[in-house]
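Values quoted throughout were computed directly from the atomic coordinates according to the rules given, and no laboratory measurement underlies them. Computed from a predicted model, the values in this text were never measured in an experiment. Don't worry about glycine lacking a Cβ; one is built from the backbone with ideal geometry, like all the others, and counts go over all protein chains shown.
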Amino acid sequence: MMIDLRKLMASVFVVLLVASLGAACSDDTDSGGQGGGDECESGESFNVLSGRCEPIARDNNSGSDGGTTPGVDGGTDPGSDAGGTEQCPEGQSYNPVSGVCEPNGSETDAGTNPGEDGGSGYDGGPIGGTCGPGTVIGKACAPSGELLAGATVTIEGFDCDGNPYTDTVQTDANGNFQFDDVPAGQHTLTISTGSFSRNQTIIVQNGQTLDLSSAAAKVCLDGGSVKIAVIEGAYDHVAGILDDLQLDYDIKGNDKMSSFFEPNGRYSDSLAFLKDSAAMSQYDIIFINCGELWNVMGQNNSGDVSTVIANLSSYLSAGNSLYVSDWSHPFLEKVFADAVDFHGDDQTINDARIGYAPQTISAQVTSQGLQTALGNTQATIEFPHDPTANPPIINNNWVVAEGAGASSTIHLQGDAQLCSQPFSSLSRCDSAAGTQPSSPLLISYQGAGGGTAIYTAFHNERQSALNQDMEKILKFLIFQL
């Protein structure tokens, strides 16, 4: 049989030409990690099986065999049958890692489509491949949506040269924050205060302002992200404030002994909780309301006092937080004797119970954080007292402090009127005599392990019982824990 050499050589030439063109296309147009060619239109990528650009599908399981096998380039591009009909919007490409369409970014090779090296096409680089400064403005808020003053806001990401970028600001009295000259690209925005935080991914575009200040866009903390335990007391009700802020919490007993007259007493629950260090460690914050808990424990379970003190000490050393008010002050004083200097002999609990009520104190706001929250350096603190009210309002003989230790911060102080006679269960404070100048009314103590303890001389009543200053103060201090 005769072979026509000219025809054979022509056929070989065509095969080689097609193969070289296919290889060139595959390398040049589908190489998010190897050159980042832009031969295909926006919203398309090169299919090595069909040899042409095809729409990028949202289906990561869309190979050429009918939508069940990933593409031959390693499974990072949708196959030629696209698997589905929905394409990515202009300026976006399919990310097989997240399974959604994402803005076209700029890898180190400036690729715009997912590449055969597994590149996603968007790894936090500047939008559209152009890097420059943008602006971020916004508002931080509690889970309830109430604006959050004095919170820390941080942006973390990379600058235009690929170097780590970070910036931090504080929210003002109205929860506002602003960042200027933020490199374009994807960053992490974090709102944090005390034990609370919230992370959110943001995308900044060159020359544009990202606005997170509207009611729908503001960044609110998660109410269930921090575990809170509350021990109820006879004279205080912090749960009302927590409800108002939409913070989740668990009730761990109260200060009442069960009896025929008080069948709902759960003192035993309170004691069992404070004696169980493992149970306590499940919570980030413990609130002990003003009440008779310390007295009842001393009278009925004095042998357990040392265990409770040791557990609270370990709890704060582990970085957790404690809040006590007024008559629950021994839970701070007996654990950290250097935190607060209370009136009289600190070893004698009743010596400090000498504050007269009713009275109103014009207090000085002495910490920067609280000044920011109030927008003022003065605050009105009330100690109401009306035993005939329903329910009764009891504030007489509130606990007076004289000073604070080196590891403590005084946030509020003012001149306090004292009772005319020392506290006694057999007597009443009917008149005022004498004054404790610059008495600390709100103190925070920072423990060696990073935990925070806060003491207030005033109560955490329900919102309706608070003036505006006190409501702002109490909500601010809860987010310092």
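What pairs in K218/K252; K252/K334; K275/K475; K218/K475; K227/K256; K227/K472 have C-alpha atoms more than 26 Å from each other?
Working: K218/K252 33 Å; K252/K334 21 Å; K275/K475 29 Å; K218/K475 19 Å; K227/K256 24 Å; K227/K472 22 Å.
Distance filter (> 26 Å) returns K218/K252; K275/K475.
As a rough guide to protection, the peptides 386-393, 267-274 ranked by mean Cβ packing within 10 Å, highest first, stand as 267-274, 386-393. A simple charge model with +1 on the Cβ of Lys and Arg, -1 on the Cβ of Asp and Glu and nothing else charged puts the dipole of segment 353-466 at about 140 debye relative to its Cα centre.
Among residues other than A379 whose Cβ falls under 12 Å from its Cβ, what is the net charge (Lys/Arg +1, Asp/Glu -1)? Walk me through the intermediate numbers first.
Details: positive: K472; negative: E382, D469, E471.
Residues near A379 contribute -2 overall.
Taking K and R as +1 and D and E as -1, what net charge do the other residues with C-beta under 15 Å from the C-beta of K139 add up to?
Working: positive: R198, K218; negative: E146, D172, D211.
Net charge in that neighbourhood comes out at -1.
When N is the residue count of segment 330-470, what does its C-alpha Rg come to as a fraction of 2.2 N^0.38 Å? Don't jump to the answer; show the numbers that get you there.
Details: Rg = 15.1 Å, N = 141, 2.2 N^0.38 = 14.4 Å.
Scaled against compact globular proteins, the figure is 1.05.
Each of Q347, V335, S314 was placed along the dipole of segment 275-362 (beta-carbon charges, centred on the mean Cα), and the one lying farthest toward the positive end is S314. Amide H to amide H, with H built 1.01 Å from N, D159 comes under 5 Å of Y165, counting only residues 5 or more places away or on other chains.
Taking amide hydrogens as placed 1.01 Å from N in the peptide plane, the amide H of G138 sits under 5 Å from those of F177, L212, each at least 5 positions away in sequence or on another chain.
Considering only C-alpha atoms, what is the centroid distance from segment 383-422 to segment 205-222, in Å? Cα centroid of segment 383-422 versus Cα centroid of segment 205-222: 42 Å apart.
Charge tally for V153 (other residues, Cβ to Cβ under 14 Å; Lys, Arg +1; Asp, Glu -1): -1.
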